[in-house]
Amino acid sequence: MIIFKSINKLNKEVNFKANVGFVPTMGALHKGHISLIKSSKKMCKKTLVSIFVNPLQFNKKKDLKRYPKNLNKDLKLLKKLRVDYLFLPKISEIYKNKRNIKIKLNKKDKVLCAKYRPGHFEGVLAVINKFLLNFKPKAMFLGEKDYQQIVLIKKFVKNKFKIKIIKCKTVRSNNLLPYSSRNSLLSNEDIKKASFVSNTICNYFVSIKRNFNNILKINEVKKNIESKRIKTDYFEIRNKVNLSKKFNKKNFKIFIAYYLNGIRLIDNI
């Protein structure tokens, strides 16, 4: 595995015409990331992984400071997976030119996490824009756990960059909790509660598929979740294509964001 800290060196030494797959991460790698990397290795000749904790997508400094980091463990994992290239830049390398970071969302896109985390997705799109302006992978692999992020990135790159966005299924543990870097910050009791949330929305999804009228029970389900002393930002059903509230039995998706001891978690099904 070749490690690059400079965009210029990365561009000089990597032949992006040779079908390179790109997996952007913020480190603290887990089974969800492993799934993305394996998908890239299966579909592409070479795989590039980035580890960059992007400050622009954190709207709270406290959240940025406590975001889990374990670079030594990440490096061992990436070498074991035989990743070809790792991009490990410093903040100064990414944001030399601040003119590249002024990105705005449309009003209709300011729903779900975009509503409750102002500036978050603008930060995500800023770093994706920086990456894709400077190197040209054939495909980028993203996990469905961050579903809204995928929708917004696909919309952003369309007609701007020649790249395929490959959507990969959420990887869950046996208790149905999706793998997330933030899970390492949870206590055993928190994990039980998070598992309860995931099981609840999965069961609710199945019940709607059986009887579409069960969408009317959304407030009842939300109250059941909040009865466990779980604070929610939102619990909504939306169109999985464009995130609008116009959906039917074939294209709906359930979204939730909630807090456990100050740790914000998201899930969707």
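The values are calculated or read from the model by the stated rules, or taken from the named source; none is laboratory data. Since this is a predicted model, take the numbers as computed values, not measurements. Note: ideal-geometry Cβ built from the backbone for every residue, glycine included; neighbour counts use all protein chains shown. Please note that ligands, DNA and RNA were not included when accessible areas were found on the heavy atoms of the full protein model with its side chains. Shrake-Rupley method; radii C 1.70, N 1.55, O 1.52, S 1.80 Å.
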(request) Please work out which option in [x] 122; [y] 135; [z] 192 gives volume of the Cα convex hull per residue in Å³ calculated from these coordinates, and answer with its label. (result) [y]
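State in Å² the accessible area per residue of the chain; use a 1.4 Å probe, count heavy atoms of protein chains only, and round to the nearest integer.
Numbers: 14870 Å² over 269 residues.
Computed with neighbouring chains in place, this is 55 Å² per residue.
With a length cut of 15 Å (Cα positions projected on each helix's long axis) and a Kyte-Doolittle mean of at least -1.0, go through the chain and give me the DSSP H helices that pass.
On the way: long enough: 31-43 (18 Å, -0.53); 120-134 (22 Å, 0.91); 147-157 (16 Å, 0.72); 188-210 (33 Å, -0.27).
Counting only whole DSSP H runs, the qualifying helices are 31-43, 120-134, 147-157, 188-210.
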(request) Give me the percent of the accessible area of region 5-113 that comes from carbon and sulfur atoms, probe 1.4 Å, all protein chains in place. (result) 51 percent
(request) Using the Karplus curve 6.51 cos²θ - 1.76 cosθ + 1.60 with θ = phi - 60°, work out ³J(HN,Hα) for each residue of region 160-171 in order, rounded to whole Hz, and write x for Gly and Pro. (result) 10, 10, 8, 8, 8, 9, 9, 8, 10, 5, 4, 9
(request) Pop a pseudo-label 7 angstrom from the Cα along the beta-carbon direction at both K61 and E13 and give the gap in nm to one decimal. (result) 3.6 nm
(message) Under 8 Å for C-alpha pairs, at least 6 residues apart: give me the relative contact order for the chain, rounded to a whole percent.
(response) 19 percent
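Out of all DSSP beta bridges with both ends in the chain, state the antiparallel percent to the nearest 5. Please list the in-between numbers first.
On the way: 15 of 34 bridges.
Close to 45 percent.
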(request) Work out the charge dipole of the chain with +1 on the Cβ of Lys and Arg and -1 on the Cβ of Asp and Glu about the Cα centre, then indicate which of P68, S195, I254 is farthest towards its positive end. (result) I254
(request) Would you please classify the overall shape of region 156-211 from the alpha carbon gyration tensor, given that a ≥ b ≥ c denote the square roots of the eigenvalues, rounded means a/c under 1.5, and beyond that prolate means a/b larger than b/c while oblate covers the rest? (result) oblate
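Could you put V23, V221 in order of accessible surface area, largest first, with the 1.4 Å probe and the full protein assembly present? Working shown, then result.
Working: V23 0, V221 20 Å².
Descending order: V221, V23.
Would region 172-263 count as rounded, prolate or oblate if I go by the C-alpha gyration tensor, calling it rounded below 1.5 in a/c and otherwise prolate when a/b exceeds b/c, oblate otherwise? The partial results should precede the final answer.
On the way: a/c = 1.92, a/b = 1.76, b/c = 1.09.
In terms of gyration-tensor shape, prolate.
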